[in-house]
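See below for the structure under consideration.
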Amino acid sequence: MIFDIIFSYDFYVVAIGVCILAIASAMVGCFSVYKGQSLVGDAIGHSSYAGVVLAFMIFQTKSPLILTLGAGIIGAISYHTINVIINNSKIRLDSALAIVLSGFFGLGLVLDSFIQGNANFSNASQAGLRNYIFGQASYIMREDIIFISSFSAISIILMLMFYKELIICIFDKDYAKSLGYSTKMIDNVLLVMMISLICVGLKTVGAILISSFLIIPCIAASQHSKNIKNVLILSSIIASVSSFSGVFISSTVDRMSTGPTIIIVMCILTLLSMVFGKYGMIAERKVRIQI
């Protein structure tokens with residue numbers, strides 16, 4: 001039975017789609033984590049659900065492109081709302097994230113409840129919108145792979161084009177300004193990459209879990225290396241291994257959701273890295289004993 005699953009077409013469709021998303025998200029997420037804005041992706045992910053519902057209400061269609069664009073617009077609005085709050089008040093970033101995350105996500109849930117059974121939306125199927133909360137990776141189709149691959153390719157191309165600028169702006173913004181780089185433009189490039197991957201990943205792992213694809217692999221990889229290039233490579237490997245393993249486990253065990261299973265595998269690998277990694281707890285303890 002296991003071999004039947006491994007060599008089945010449906011298994012590889014899901015595995016390929018999730019792995020592509022995970023690799024791209026892990027690499028882009030490294031820049032977000034090192035910039036100190038890892039939870040910004042979480043806020044955008046939750047907020048983007050409101051964009052999915054609003055796009056459905058306006059166009060009354062479940063076209064992935066329309067819903068993704070709606071999610072992207074609201075995601076961008078939520079990000080700029082966070083910046084407005086922290087730049088024009090005494091509220092700190094963590095509090096602003098909590099306000100925006102809960103506010104926009106709550107709006108999405110309210111709108112979703114509003115359209116259920118509403119006569120104004122009787123011409124469009126409303127079933128399935130809540131799948132964007134937790135995702136349905138096991139239902140990825142060939143068209144979804146093309147969709148995921150396109151957005152992932154755009155994000156990776158942007159990352160490669162602005163790699164040097166991203167590195168300098170993240171680790172030394174003042175030095176970047178002295179070189180004449182537009183730090184605001186680089187911030188917007190990173191934002192576009194993040195929002196693209198978050199929005200395209202909503203259908204796969206959902207608004208609640210998509211930020212884990214951006215954050216967890218980088219944390220695991222940073223326990224093994226302090227070189228940014230090595231971290232990018234290791235994070236993509238950890239993300240792909242976790243994704244393939246999660247898809248395999250959820251395919252062989254009844255009633256195991258694919259998205260959450262992938263996150264559990266990622267967390268296990270991260271915990272092992274934090275303990276046994278080159279810069280993990282055991283290594284740090286040995287250094288302290290020697291000192």
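Can you tell me, using C-alpha contacts under 8 Å and at least 6 residues apart, the relative contact order of the stretch 201-246 as a whole percent?
Value for the stretch 201-246: 31 percent.
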Which lysines have a Cα lying under 25 Å from the Cα of LYS164, excluding residues fewer than 8 positions away in the same chain?
LYS35, LYS173, LYS177, LYS184, LYS226, LYS229
Go through the stretch 32-38 residue by residue and turn each phi into a ³J(HN,Hα) via Karplus (6.51, -1.76, 1.60, θ = phi - 60°); whole Hz please, and just put x for glycine and proline.
5, 5, 5, 7, x, 10, 4
Estimate the FRET efficiency between MET281 and THR183 by the formula 1/(1 + (r/R0)^6), using the beta-carbon distance for r and 51 Å for R0, to the nearest 0.05.
0.90
At a 4.7 angstrom Cβ threshold, list every cysteine in the chain that has nobody to pair with, or say none.
CYS19, CYS169, CYS199, CYS267
Output wanted: per-residue J couplings in Hz (rounded whole) for the stretch 153-163, from phi through Karplus 6.51 cos²θ - 1.76 cosθ + 1.60, θ = phi - 60°, x for Gly and Pro.
5, 4, 5, 5, 4, 4, 4, 5, 5, 10, 4
Accessible area per residue in Å² at 1.4 Å probe, computed on the stretch 87-237
50
If you roll a 1.4 Å probe over the chain with all protein chains in place, what percent of the accessible area is carbon or sulfur?
66
Karplus (6.51, -1.76, 1.60) ³J(HN,Hα), θ = phi - 60°, over the stretch 85-92, in Hz, Gly and Pro reported as x
5, 6, 8, 10, 8, 8, 6, 7
Taking the Cα centre of the chain as origin, sum charge times position over the Cβ atoms of Lys and Arg (+1) and Asp and Glu (-1), and report the length of that vector in debye to the nearest 20.
760
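Starting from the residue with the highest accessible area, list MET274, MET141, MET159, MET57 in decreasing order, probe 1.4 Å. Mind showing how you got there, number by number?
Details: MET274 65, MET141 105, MET159 5, MET57 40 Å².
The ranking, largest first, comes out as MET141, MET274, MET57, MET159.
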Selected from SER182, SER273, SER243 as most flexible by GNM, with the chain as the system and alpha-carbon contacts under 10 Å:
SER182
May I ask you to derive the relative contact order of the chain, considering only C-alpha pairs under 8 Å and at least 6 residues apart, and to give it as an integer percent?
29
Pick from ARG255, ARG92, ARG142: which is most flexible by mean-square fluctuation in a GNM of the chain where alpha carbon atoms under 10 Å apart are linked?
ARG255
Using a Gaussian network model of the chain whose springs link C-alpha atoms within less than 10 Å, name the residue from ALA55, ALA207, ALA221 with the highest mean-square fluctuation.
ALA55
Determine the relative contact order of the stretch 1-94: mean sequence separation of Cα pairs under 8 Å and six or more apart, normalised by residue count, in whole percent.
21
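The values are calculated or read from the model by the stated rules, or taken from the named source; none is laboratory data. Nothing here was measured: the structure is a model prediction, and the numbers come from that model. Glycine also receives a Cβ, built like all others from the backbone with ideal geometry; neighbour counts cover every protein chain displayed. Calculation scope for accessible area: heavy atoms of the full protein, side chains included, ligands and nucleic acids excluded. Shrake-Rupley method; radii C 1.70, N 1.55, O 1.52, S 1.80 Å.
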